[in-house]
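These notes are about the structure you will find just below.
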Amino acid sequence: MIRAIFFDFYGVWLPDIFSEYLTMAQQNGPLVVTELETIVRQYFHGEVTLTYVADSFRFKLSRPEIDVSQFVLKESDISPAVTDFMRNLHGHFVKLGVLANLGTQEYELLNSFNERTQLFEVITGPLPQHTKALQTIGEPPRSCLLVTGNVDYAAFAATLGIQTLPFDGLPQLQQTLEQLLSSEMP
């Protein structure tokens, strides 16, 4: 029985702001892509700032128009439809959380949003803090589900014994979760 649902951040809440630029980097070769992927990982681990990430993309891609403003997220970017859907999941007595690599801005954005909306029981990142998330949500891994479009997150969840559901868009997610949750009702 599913008692808690975790969502990753990019792909569910917002489009991945880094993926467009990493795709551009592929045109410059694998070395550039690897360097930029490493910098993005460092950002998610709190080792570099968002400004450093933007400067790195600008320099490595030789694109002077790239600046930090293109990577800044705003609460207004969060889909109201996703928020409403998640709020409706509480009617199924399901706890909600975010389990993903989050940079400083993503973590601050979600915490600020959650202070206002009280939508999530737990927001955690980076992923190595998974045990804290599971302890905070108060449910065993077998009773949890991770919604993600990221294959690495899905593999990570599997190592913890957490079921995964691929995110293929909100309409599909709504239908699949409603069916899944309804089938578990006594």
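Points to keep in mind about this one:
- Charged-residue dipole, Cβ positions (Lys, Arg, Asp, Glu), the range 19-71 about Cα centre, Debye nearest 20: 80
- In this structure, the amide hydrogen of LEU165, modeled 1.01 Å from its nitrogen in the peptide plane, lies closer than 5 angstrom to those of LEU146, VAL147, THR148, counting only residues at least 5 positions away or on a different chain.
- For GLY11, nonlocal amide neighbours, meaning residues 5 or more places apart or on other chains whose placed amide H falls under 5 Å from its own, are ASP16.
- Summing Cβ point charges (Lys, Arg +1; Asp, Glu -1) relative to the Cα centre of the chain gives a dipole of roughly 320 debye.
- Cα gyration tensor shape of the range 19-71, rounded if a/c is under 1.5, else prolate or oblate by comparing a/b with b/c: oblate
- For the chain, calculated [θ]222 nm from helices alone, where every DSSP H run of n ≥ 4 adds -39500 (n - 2.57): -15000 deg cm²/dmol
- Loop-located chymotrypsin sites (Phe, Trp or Tyr not before Pro) in the range 58-121, at most 14 other Cβ atoms within 10 Å (DSSP): PHE93
- Karplus-derived HN-Hα couplings along the range 136-141 (A = 6.51, B = -1.76, C = 1.60, θ = phi - 60°), whole Hz, x at Gly and Pro: 5, 6, x, 10, x, x
- Residues in the range 57-69 carry Karplus couplings, in order, of 4, 4, 5, 5, 9, 6, 10, x, 7, 6, 9, 4, 4 Hz; the curve used is 6.51 cos²θ - 1.76 cosθ + 1.60 with θ = phi - 60°, and Gly or Pro positions show x.
- Close amide H contacts of LYS95 (hydrogens built in the peptide plane, cut-off under 5 Å, sequence separation of 5 or more or a different chain): ALA4, ILE5.
Bear in mind these aren't lab numbers, they're just calculated from the coordinates by the rules spelled out. Quick caveat: nothing in here was measured; it's all calculated off a predicted structure. Counting neighbours? That spans all protein chains shown, and the Cβs are built from the backbone with ideal geometry, glycine included.
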